[in-house]
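Enquirer: Structure in C-alpha cells, see below.
The values are calculated or read from the model by the stated rules, or taken from the named source; none is laboratory data. These figures come from a predicted structure and were not determined experimentally. We place every Cβ from the backbone using ideal geometry, glycine too, and count neighbours over all the protein chains shown.
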Amino acid sequence: METPKQYKSMNNQPNILLVLFLVIFNLLGIQAQSDDNLKLWFQRPANTWNEALPVGNGRIGTMVFGGVSTERLQLNEETIFKKDGEQLEDVKDGHKYIDQVRNLLFKGKYKEAEKLHLSKIMGKRLDGGTNTYQTLGDLDIIFNGINTYSDYYRELDLNNATVNTKFKTGSVWHNRTVFASTVDQAIVMKADASKPGNIDCTLNLSRPGEGELVKVTKNMLVMTQHLSNGNGTKYEARVLVTTDGGSITSENNRLVIKKANSLEIRIVVATDYFGDEPSKICDSYQSNIEDKTYSAIFKDHVEDYQRLFHRMTFEVPASEAAKFPTDERVDAQKRGVYDPSLATLYFHFGRYLLISSSRENSLPANLQGIWADGLAPAWNADYHMNINAQMNYWPSEITNLSECHLPFLKFIASLRENGRKTAKELYGARGFAAHHTTDLSRFTTAYGSTQYGSWPMGAAWATTHFWEHYLFTEDKEFLASLGYPVMKEASLFLSDFLVKNPKTGMLVTGPSMSPENVFLAPNGDKASLTMGPAMDLQIVRHLFNGTIIASEELGIDVTFRKKLKSQLRNLTPSIIGVDGRILEWSDENLKEALPGHRHISHLYGLYPSNEFNWKDTPEFMKSSEKVIESRLSKGGGHTGWSRGWIMNFYARLLDGDKIWENLVELWAHKTLPNLFDDHPPFQIDGNFGATAALAEMLLQSHNDEINILPALPKALPKGKITGLMARGGFEVDIEWENGDLQKVKITSRLGNPAKIRYGAKIIAYTMDKGDSIILDQNLSVIE
Ligand code: FUC
C-alpha cells in the first residue's frame, strides 16, 4: 500500500493554513467540499479560460468565469463553423495508381511510393483558409459598482449540472447560477443579491473577429451573422433578460439593468446547419420558454440531467487533500500528494462532460467537446478519427450512458455518402471509407501530408463502436436498422481493400500507415506509408468478427459472411518481433524512427479491442507490456489522451498500480485547473479516456465473463461503485475493503446467463430478465 503523503499547502508550508482556512470556511457556513465529492470548487474567479467551468446541453454550452465585476460567459453552439476553403474532394481516379503504389511498397521503395501516392491519390490541404469550429461569442455582464469583494466561492456542482458563484461586497451577498438546459434548449443564468435593488449591470454581446450584427430590443440582445461571407453557418443568438424590480433600458446596443432585486438571462441559439432558418428556430425556442418560470426550467433541467447522471455512484474515502479547492488538488499532484477521491471526482466529471457535450439529438463531442474559445481552436476542434473521436466515446457504454453514444454512431453513419465516393475514387473499392479526420462538412477523403493523412481506416475503427454498442445493449432493432448496415459497408470496403502480400501470401491492408508514426526502412528511408500496419489488421479482425456475428444474429448475408471468414483466416496476424515487442508495421525490417511516439497504435488489440488477453494470448500481453515500457522510457505518454490510452492498456493488463501511476502523471502534467485534459492545449479525449480506464479498472466484460475488480490499485483499498455496465446487459454494483471484494450486486437487464469472475474464481449463474443477485467474495449468493 502506497503511504499517503502528508498534504502540504501550495508553498509547502505546514498545515496551519489548512486549519485556518477550514475554520474560516466553516464559520462562514460555506461547505468546503460536498460530502459526496461531486463539486469542482474554487476560491477565486477564473483568470483564464482553463480555470473557467463548462456547462452544456449537448448542443450549446458556455464557459463560466465566475467574475465578480464582470461575469464572462464564453458561448458555444456545436455547428458554428467557418468554411472559407472549398469542400475537400476525392482526387479523381486515384485508384488507378493504387496497384503501382502497392508494388513499390512491397518492393520496399517507400519514398517512391509516398511520392506517387501524394501526387496521385492524396488531396491537397484547402487553399483560402481553413474550415474550423469556432466560438459563438461572449456575453459580458458588467456589474457596476462592485469593486471589492470577500468570501468568494464558485463551484461546478456535478450533482445538478450548475455553476454557482457567491461572494460578498460590503454587507451584500451575491449569488449567481448558470446552467444549460437540454429540455428547454437554453442557457440560463440567475443573479441575485441578499438585499433588494443591488443588481446594476450592463449586458454586452459580442463575437471576436468581424461581421456580427448586434441589435437590442426592449429586453433582448440579438446577434446574427453568416460566417465566411455566406459559406459557413448562419446563426442567431438571443439573450432574453427579465428582472425583478429595477429597470431595463438600452444604450449603444447594450442592455442596462438598474437597481434590480434579481436578474434572469435566457440564451437561445440556432444555426442553419440542418437547413432551417435560425430566426424561426429561435422563435420556437423562445416561445417554448416564454411562460415558463425559472424554477420550472431549473427543475426540468435537473430531472433530465439526473436521469443520466444518477445511474452511477462512485465513492472512496477522502484524504485531507480533498478538503482543498480543485485547482490546488490538481497542483498538489505535482508533489505526489495522495488524493484518492480526486479519482472519483475526475470520473464523475468525465461522465458530466459526456452528458453535457453529447446528447441524443446533438452532434458528437469534437476535440473540445463543445467548448472552444476564439476563432481558431487547436486542430480546428474537428473530429480526428485516428484515436481522438473514438476515445471520446470509450466511457459511454461501461459508465451507463449508452444514449450519449448515439450522436457518434449517427454521425459515422452519415459519413457513408461521402465515404462511398472516397472508397471508389481512391481505392476502387465498394463500401465506405474515411481517413484520419473529418469535420462538420463530413468529408472523408485523404488530404495533406502522408504522415497523418494517408490512413484509410477512420470509418472502420469508428464503426466497431456499433458492435460494442450492441454487445452492451443487444438492441437488435438498432442493429438491424443502422448498426449492421454501417458495419457491413465498412467491412465491404476492407474486404475489397485487402490484398495478398506476395512475400507471405497473406492478406494485408494498404497503402496505409500506423497513425501519425514514422519508420526507418533498411535503406535508410524514413517513411510512413506501408502495407499491413498492425493496427489496421487488428481493426479488420475486430470489425469482421463483429460483422460476422451480427449477420448471424440477424440471419442475413450468408455469402458475405463466408467471404469475411475466409479473409480472416488469411489475414496477416499480429507479430511479435525478435526483441519481444509487437511489430507496429508487421515487418521486422521496419524500425521505430520515433521510439517515444504518443500513438501506440499496435496495441489496439489490447484496448479497445480484445485480441490480446491473458486467457487466449498471454504472450501478446507480455509483449504489450514491453511495448508500453519501451514507449514510456523514451518519452511516450506525453499528451493527455496518450496517458488515458495507456491507463486503459494497463487496465486490460490487469495492473491497477500502473493505472494509478499513469493517472497521477495525467493529473500532475496534463490536467488544467478546471480538470480539463491538457494535450496541450485543452483536448477533451484525455478526460474521456481516463474515465473509461477508471471503469475498466473496476469491471471488465470483454472475455465473455464479468470480471469484478480486475485491476484494483493499492491506492484505492476501499470503495463503492454502482451502476457500471457489462456486455450482455448487466448492471454491476461493487463494494470493496482492504483491497478485497466485499459484495457485488449483478442485475440482468436482458436475461443472459452471467459468468462472473473475481480473481481466479469463476461461477456462472442463470438469470432472468430483471433478476438481481448479490454475491460475496467467494461469489456465493448472499441474497
Ligand atoms: C491526433 C494526435 C495529436 C492530436 C490531434 C488532434 O492525431 O496525434 O496528438 O491529438 O490528433
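Enquirer: Which numbered condition trips up GLN538, out of (1) surrounded by 24 or more Cβ atoms within 10 Å (Cβ to Cβ); (2) more than 16 Å from the ligand (Cβ to nearest atom); (3) farther than 26 Å from THR617 by Cα?
Expert: (3)
Enquirer: OK, next. Could you please tell me which pairs satisfy a Cβ distance under 8 Å, a separation of 6+ or placement on different chains, a first residue in the range 288-317 that is at pLDDT below 95, and a second residue that is in a helix (DSSP H, G or I) and surrounded by fewer than 17 Cβ atoms within 10 Å (Cβ to Cβ)?
Expert: none
Enquirer: ILE721 - would you say it is among the aliphatic types (A, V, I, L, M), in a helix (DSSP H, G or I) and away from the ligand (no atom under 16 Å from the Cβ)?
Expert: no
Enquirer: Quick check, is SER623 touching a Pro at 6+ places or on another chain (Cβ under 6 Å), at pLDDT 95 or above and within 29 Å of HIS384 (Cα to Cα)?
Expert: Answer is no for this residue.
Yes/no per residue for (1) within 16 Å of the ligand (Cβ to nearest atom); (2) under 27 Å from ASN707 (Cα atoms); (3) under 20 Å from the mean Cα position of the chain (by Cα):
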| residue | (1), (2), (3) |
| --- | --- |
| LEU594 | yes, no, no |
| PHE612 | no, yes, no |
| PRO618 | no, yes, no |
| LYS622 | no, yes, no |
| GLU625 | no, yes, no |
| SER633 | no, no, no |
| GLY636 | yes, no, no |
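Enquirer: Only one of these conditions is not met by ILE756: (1) more than 30 Å from ILE387 (Cα to Cα); (2) without any contact (Cβ under 8 Å) to a residue 40 or more places away in the chain; (3) crowded, with 18+ Cβ neighbours inside 10 Å. Which number is it?
Expert: Every condition holds for ILE756 apart from (2).
Enquirer: With respect to SER772, determine if the residue is over 14 Å from SER701 (Cα atoms) and among the hydroxyl-bearing types (Ser, Thr, Tyr).
Expert: Yes, satisfied.
Residue by residue, here is whether (1) modelled with pLDDT of 95 or more; (2) surrounded by fewer than 24 Cβ atoms within 10 Å (Cβ to Cβ); (3) under 20 Å from the mean Cα position of the chain (by Cα) holds:
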position	(1), (2), (3)
PRO681	yes, yes, yes
ALA695	yes, no, yes
SER701	yes, no, no
GLU705	yes, yes, no
PRO713	yes, yes, no
LYS720	yes, yes, no
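Enquirer: Name the pairs: first residue in the range 351-376 and within 10 Å of ILE684 (Cα to Cα), second residue in a helix (DSSP H, G or I) and hydroxyl-bearing (Ser, Thr, Tyr), Cβ to Cβ under 7 Å, at least 6 apart or on different chains?
Expert: These pairs meet every condition: LEU354/SER396; ALA365/SER357; GLY369/SER357; ILE370/SER357.
Enquirer: So which of ASN674, ASN662 ends up being closer than 21 Å to PHE324 by Cα, buried (at least 21 other Cβ atoms within 10 Å of the Cβ) and touching a residue at least 24 places away in the same chain (Cβ under 8 Å)?
Expert: Going through ASN674, ASN662 in turn, the sole match is ASN674.
Enquirer: Now a separate question. For SER574, state whether it is within 24 Å of LEU694 (Cα to Cα) and either away from the ligand (no atom under 16 Å from the Cβ) or small (Gly, Ala, Ser) (or both).
Expert: Judged against the criteria, SER574 is not a match.
Enquirer: Going through the range 423-443 one residue at a time, which ones are under 18 Å from MET487 (Cβ atoms) and within 16 Å of the ligand (Cβ to nearest atom)?
Expert: Of everything in the range 423-443, just one residue is under 18 Å from MET487 (Cβ atoms) and within 16 Å of the ligand (Cβ to nearest atom), namely ALA434.
Enquirer: May I pose another question? Which members of the range 298-321 meet the condition of being in a helix (DSSP H, G or I) and buried (at least 20 other Cβ atoms within 10 Å of the Cβ)?
Expert: HIS301, TYR305, LEU308, PHE309, ALA321
Per-residue answers, yes or no, for (1) within 16 Å of the ligand (Cβ to nearest atom); (2) under 27 Å from ILE370 (Cβ atoms); (3) in contact with a helix residue (DSSP H, G or I) (Cβ under 7 Å, 6 or more places away or on another chain):
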residue: TRP667; (1), (2), (3): no, yes, yes
residue: ASP678; (1), (2), (3): yes, yes, yes
residue: PHE682; (1), (2), (3): yes, yes, yes
residue: ASN687; (1), (2), (3): yes, yes, yes
residue: THR691; (1), (2), (3): no, yes, yes
residue: LEU694; (1), (2), (3): no, yes, yes
residue: LEU698; (1), (2), (3): no, no, no
residue: ASP704; (1), (2), (3): no, no, no
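Enquirer: Where the second residue is within 16 Å of the ligand (Cβ to nearest atom) and among the β-branched types (Val, Ile, Thr) and the first is modelled with pLDDT of 95 or more and lies in the range 509-532, which pairs have Cβ atoms under 6 Å and are six or more apart or on separate chains?
Expert: Filtered contacts from the range 509-532: LYS526/VAL518; SER528/THR450; SER528/VAL518; LEU529/THR450.
Enquirer: Let me ask you something else. Starting from the range 760-783, take each residue that is closer than 16 Å to VAL732 by Cβ and list its partners that are aromatic (Phe, Trp, Tyr) and surrounded by 11 or more Cβ atoms within 10 Å (Cβ to Cβ), counting only C-beta distances under 7 angstrom and pairs at least six apart or across chains.
Expert: ILE773/TYR765; GLN777/TYR758; LEU779/TYR758
Enquirer: Looking at the structure I just gave you, is THR224 of a type in the set (Ser, Thr, Tyr), under 16 Å from ASN252 (Cα atoms) and part of a strand (DSSP E or B)?
Expert: So THR224 fails the test.
Residues checked against (1) touching a residue at least 12 places away in the same chain (Cβ under 8 Å); (2) assigned to a loop (DSSP other than H, G, I, E, B); (3) surrounded by fewer than 22 Cβ atoms within 10 Å (Cβ to Cβ):
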{"residue": "ILE548", "(1), (2), (3)": "yes, no, yes"}
{"residue": "GLU552", "(1), (2), (3)": "no, no, yes"}
{"residue": "SER586", "(1), (2), (3)": "yes, yes, no"}
{"residue": "PRO608", "(1), (2), (3)": "yes, yes, no"}
{"residue": "SER624", "(1), (2), (3)": "yes, no, no"}
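Enquirer: Go through the range 90-134 residue by residue and tally those that are in a loop (DSSP other than H, G, I, E, B) and over 34 Å from the mean Cα position of the chain (by Cα).
Expert: Number of matching residues: 5.
Enquirer: Which condition from (1) part of a helix (DSSP H, G or I); (2) within 18 Å of ARG351 (Cβ to Cβ); (3) more than 16 Å from the ligand (Cβ to nearest atom); (4) in contact with a Ser or Thr (Cβ under 9 Å, 6 or more places away or on another chain) is the one that LEU663 breaks?
Expert: Just one mismatch for LEU663, condition (4).
Enquirer: Counting just the residues of the range 355-404 that are among the acidic types (Asp, Glu) and more than 16 Å from the ligand (Cβ to nearest atom), which one comes out farthest from LEU606 (Cα to Cα)?
Expert: ASP373
Enquirer: Looking at (1) away from the ligand (no atom under 16 Å from the Cβ); (2) of a type in the set (A, V, I, L, M, F, W, C); (3) surrounded by 21 or more Cβ atoms within 10 Å (Cβ to Cβ); (4) farther than 27 Å from LEU529 by Cβ, which is the one condition that is false for ALA490?
Expert: Condition (4) is where ALA490 drops out.
Enquirer: Tell me which of these SER495 doesn't satisfy, since it passes every other one: (1) more than 16 Å from the ligand (Cβ to nearest atom); (2) under 29 Å from the mean Cα position of the chain (by Cα); (3) farther than 18 Å from SER609 by Cβ.
Expert: Unmet for SER495, out of (1) more than 16 Å from the ligand (Cβ to nearest atom); (2) under 29 Å from the mean Cα position of the chain (by Cα); (3) farther than 18 Å from SER609 by Cβ: (2).
Enquirer: Can you tell me which residue in the range 237-284 is surrounded by the fewest Cβ atoms within 10 Å (Cβ to Cβ), limited to those that are among the charged types (D, E, K, R) and farther than 22 Å from ILE297 by Cα?
Expert: GLU251
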